[in-house]
Amino acid sequence: MLKNLQDTYTLSNGVKMPGLGLGVWKVEDEAELISAVHAAVDNGYIAIDTATAYDNEQFVGKAVDTCGKKREDLFITTKLWNAHHQYDEALRAFDRSCEKLKADYVDLYLIHWPTPAYDDYVEAWKALIHLYEEKRVRAIGVCNFKPHHLDRVYKETGIMPMVDQVECHPLNQQLELLDYCKKNGIVMEAYSPLLSGNLADVSDKLEAIAKKHGKTAAQVCIRFQIERGVIVIPQSGHSNRIVENANVFDFALDEEDMAAIAALNQDHHFLPDPDTANFGKKR
Ligand code: NDP
Ligand code: 1BO
């Protein structure tokens, strides 16, 4: 079980990835982003999750440069956007991300969405394998892939993604995928662990558990993922919440708590269904 903010999971290639990081989607203001990353690092976070599509890699680069930590002591994830799945374009997109991040490598590079109608995610995956072989990235993975997408990339390339980052919270617990990931050596990572701004949809139902442990509903949602062995990346632009979201290592959810949260699952997603989400293909 994860013990603290610097504690890691070991990916299938041996790379150690922190179990709790800061998400920065929708933080597009430079000052706000830099202050969020600095607050996170000052309070012990070592992992940041960005993406080309968030249009803030350049601010993440600045924040990392000025946060007082060595680059090698941080774990930076970014993502290949849907418009760039074609092999050569994916390699160029990666170079652009590195330039913005002021980095010559990235710790984890992910395909952002499979966009299956375009039938090009295997080509994108081959580009990520190339970047991995060239040691430009320490680990590679995907987001929003269901078991059948994972089966396909493995069948066609022989390489299984090391991480699958998917929407995951009490209303969408990803039970089938979690089981698949555990069987196939993939570490699952929960995005939108606080229901992407819809925490109120569950906070009354989590109130009793939160009260019992002297914690908040947000902390219960984050701890829930830790108990299941899932990496978790809550987003906040506020330093008090960045601290709150990391203050989840001094309590544990018991069997009764876990059963009560399990009962909330509805497979409800706030983000699009990856099987039909085919957006963002224009360059
Ligand atoms: P989260 O589930 O992390 O929720 C973020 C929202 O919760 C914000 O509105 C934030 O507001 C609020 N919040 C944060 N902390 C607390 C707290 N302690 N109490 C109450 N409210 C709180 O949403 P995201 O969708 O941003 O997901 C997290 C990260 O996952 C993203 O930032 C991104 O890095 C990644 N992601 C990846 C996706 C993919 O397709 N691969 C898709 C979606 C997300 P405030 O900022 O005001 O504190
Ligand atoms: C469309 C981008 C979702 C956040 O990762």
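Structure above, values below:
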read-out: Volume of the Cα convex hull of the stretch 152-238, divided per residue and given in Å³; value: 107
read-out: Hull volume in cubic angstrom per residue (convex hull over the Cα atoms of the chain); value: 118
read-out: The stretch 208-236 versus the stretch 14-75: alpha-carbon centroid distance in Å; value: 21
read-out: Peptides ranked, highest mean first, by Cβ atoms within 10 Å: ranges 132-139, 114-121; value: 114-121, 132-139
read-out: About the Cα centre, charge dipole magnitude for the chain (Lys/Arg +1, Asp/Glu -1 at Cβ), debye; value: 440
read-out: Per principal axis, descending, Cα span of the stretch 23-148 in whole Å; value: 42, 28, 25
read-out: Ordering of 77-84, 36-43 by packing [mean C-beta count within 10 Å, highest first]; value: 77-84, 36-43
read-out: For Phe94, Phe249, order by how many other beta-carbon atoms lie within 10 Å, fewest first; value: Phe249, Phe94
read-out: Extreme residue, positive dipole direction of the chain, given options Val37, Val64, Ala252 (C-beta unit charges); value: Val64
read-out: Net charge over other residues, Cβ less than 12 angstrom from the Cβ of Leu264 (K, R count +1; D, E count -1); value: -3
read-out: Net charge, Thr10 excluded, C-beta distance under 15 Å - Lys, Arg +1, Asp, Glu -1; value: +1
read-out: Rounded to 5, the percent of DSSP beta bridges in the chain classed as antiparallel; value: 15
read-out: Rounded tilt (10° steps) of 87-101 against the dominant C-alpha axis of the chain; value: 60
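Quick note: the coordinates plus some simple rules give every number you see, no bench work behind them. Since the structure is predicted, the reported quantities are computational estimates derived from the model, not experimental observations. So basically every Cβ, Gly included, is an ideal-geometry build from the backbone, and we count neighbours across all protein chains shown.
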